[in-house]
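Take a look at the structure set out below.
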Amino acid sequence: MTETEPKHFQGRFDGQVVVVTGSATGIGRATANRFGREGALVACLDINVADNAVTAEGLESGKTLAVECDVRDHSSQAAAFDRVIEAFGRVDVLVACAGIYVGGPLRSVPLDRWRNIEATNLTGVLLSNQLVAPTMIDQGSGSIINVSSMAGKTSWPNSAEYSATKSGVIGLTRSVAMELGPHGITANAVCPGNTLTDMVRSVAGEVGETVGMSGDNWLAMRADDTALKRLAQPWEVAGVIAFLASSDAGYITGQSIEVDGGLILS
Ligand SMILES: NC(=O)c1ccc[n+]([C@@H]2O[C@H](COP(=O)([O-])OP(=O)(O)OC[C@H]3O[C@@H](n4cnc5c(N)ncnc54)[C@H](O)[C@@H]3O)[C@@H](O)[C@H]2O)c1
């Protein structure tokens with residue numbers, strides 16, 4: 001079992017500008033940390049100002065920027081990207097990671113809840129891809145990594161809303177890859193399986209309750225569904241995101257990469 005984060009690549013992203021949405025906690029924070037340790041200037045965009053400040057404080061001073069941003073809102077994202085360009089002048093990598101989970105039986109999906117998860121998980125990704133594209137096209141280079149989920153590739157009961165948004169991210173990413181490829185820009189999605197973040201712990205509590213299980217037992221069951229018999233650590237997803245942004249992945253585009261410990265095999 002992998003217990004600790006392996007050594008990173010010293011200076012792999014030296015001088016590159018990386019924008020991470022959803023950077024305040026979980027996979028987004030691990031991703032900001034990863035790029036920061038590999039030399040990037042990291043712009044952290046999140047609605048959660050307090051935790052986002054903690055992420056930015058963990059990065060090298062002068063090489064980071066924390067920006068309050070609601071990914072659901074075009075003007076909020078546009079203002080955030082303007083701040084990034086003002087501060088750093090370019091964007092080499094976009095990681096669209098901000099997302100929420102809600103679940104429940106299909107027959108009782110409230111329309112406002114559906115609209116909110118769609119606005120966050122799908123419109124939010126569309127907007128950040130749209131807003132970064134002109135800058136990357138002018139540069140003639142860039143990497144976009146959109147965070148989907150295994151729920152976008154396969155489905156479980158009681159998660160129609162989440163699955164729909166995460167499948168949408170995969171389709172959106174394929175189209176972005178085709179459209180921006182001629183400009184030297186790659187676009188890929190990552191599809192994590194259950195990853196140990198606050199989000200998954202709260203989902204475990206809620207879903208566990210509906211099936212008469214504790215959250216911990218539900219997580220143990222989900223771990224048992226994988227080939228590796230364990231859940232992912234946030235930095236394991238961040239490592240794949242960094243790989244997709246690196247020159248080693250320069251000929252990979254339009255893909256949706258499973259980071260699921262073999263969950264899809266079960
Ligand atoms: N943890 C998992 O098991 C798992 C599995 C598959 C996919 N994912 C996806 O990974 C991404 C990160 O999830 P996580 O597990 O790290 O959860 P998390 O709750 O720790 O992080 C989500 C981040 O998104 C931010 N966010 C939420 N709404 C926002 C908005 N409107 N505007 C800006 N920021 C907003 C939150 O403040 C938070 O910082 C999500 O897109 C999630 O769907 C997570």
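The values are calculated or read from the model by the stated rules, or taken from the named source; none is laboratory data. Source: prediction; values computed, not measured. Neighbour counts run over all protein chains shown; Cβ positions are idealised from the backbone, glycine included.
State whether one or more residues within the stretch 115-122 are closer than 20 Å to Ile257 by Cα and in contact with a strand residue (DSSP E or B) (Cβ under 8 Å, 6 or more places away or on another chain). No; the residues of the stretch 115-122 include none that is closer than 20 Å to Ile257 by Cα and in contact with a strand residue (DSSP E or B) (Cβ under 8 Å, 6 or more places away or on another chain). Among the residues of the stretch 59-77, write down those that are surrounded by 14 or more Cβ atoms within 10 Å (Cβ to Cβ) and either among the basic types (Lys, Arg) or farther than 18 Å from Gly15 by Cα (or both). Within the stretch 59-77, Lys63, Val67, Glu68, Cys69, Asp70, Val71, Arg72, Asp73, His74, Ser76, Gln77 meet the criteria. Among residues of the stretch 144-161 that are at positive phi, those with a beta-carbon under 6 Å from a residue that is part of a loop (DSSP other than H, G, I, E, B) and buried (at least 19 other Cβ atoms within 10 Å of the Cβ) at least six positions away or on a different chain give the pairs Asn158/Gly103.
Please return the ranges of helices (runs of 4 or more DSSP H) entirely within the stretch 151-230 where 2 or more residues are in contact with a Leu (Cβ under 6 Å, 6 or more places away or on another chain).
The qualifying helices (runs of 4 or more DSSP H) are 160-180.
Where residues in the stretch 213-260 are among the basic types (Lys, Arg) and either buried (at least 21 other Cβ atoms within 10 Å of the Cβ) or at pLDDT 95 or above (or both), which of them is farthest from the ligand (Cβ to nearest atom)?
Lys229
Sort out which residues of the stretch 35-55 are of a type in the set (D, E, K, R) and away from the ligand (no atom under 13 Å from the Cβ), and write them in order of number.
Listed by number, the residues that qualify are Arg37, Glu38.
The set of residues from the stretch 186-212 being more than 14 Å from the ligand (Cβ to nearest atom) and within 21 Å of the chain's Cα centre (by Cα) comprises Thr186, Ala187, Asn188.
Return yes or no: is Gly15 more than 9 Å from the ligand (Cβ to nearest atom) and of a type outside the set (A, V, I, L, M, F, W, C)?
Yes, satisfied.
Any residue at all in the stretch 56-71 that is near the ligand (Cβ under 9 Å from one of its atoms), of a type outside the set (S, T, N, Q), within 27 Å of Ile170 (Cβ to Cβ) and touching a residue at least 24 places away in the same chain (Cβ under 8 Å)? Checking the stretch 56-71: at least one residue is near the ligand (Cβ under 9 Å from one of its atoms), of a type outside the set (S, T, N, Q), within 27 Å of Ile170 (Cβ to Cβ) and touching a residue at least 24 places away in the same chain (Cβ under 8 Å).
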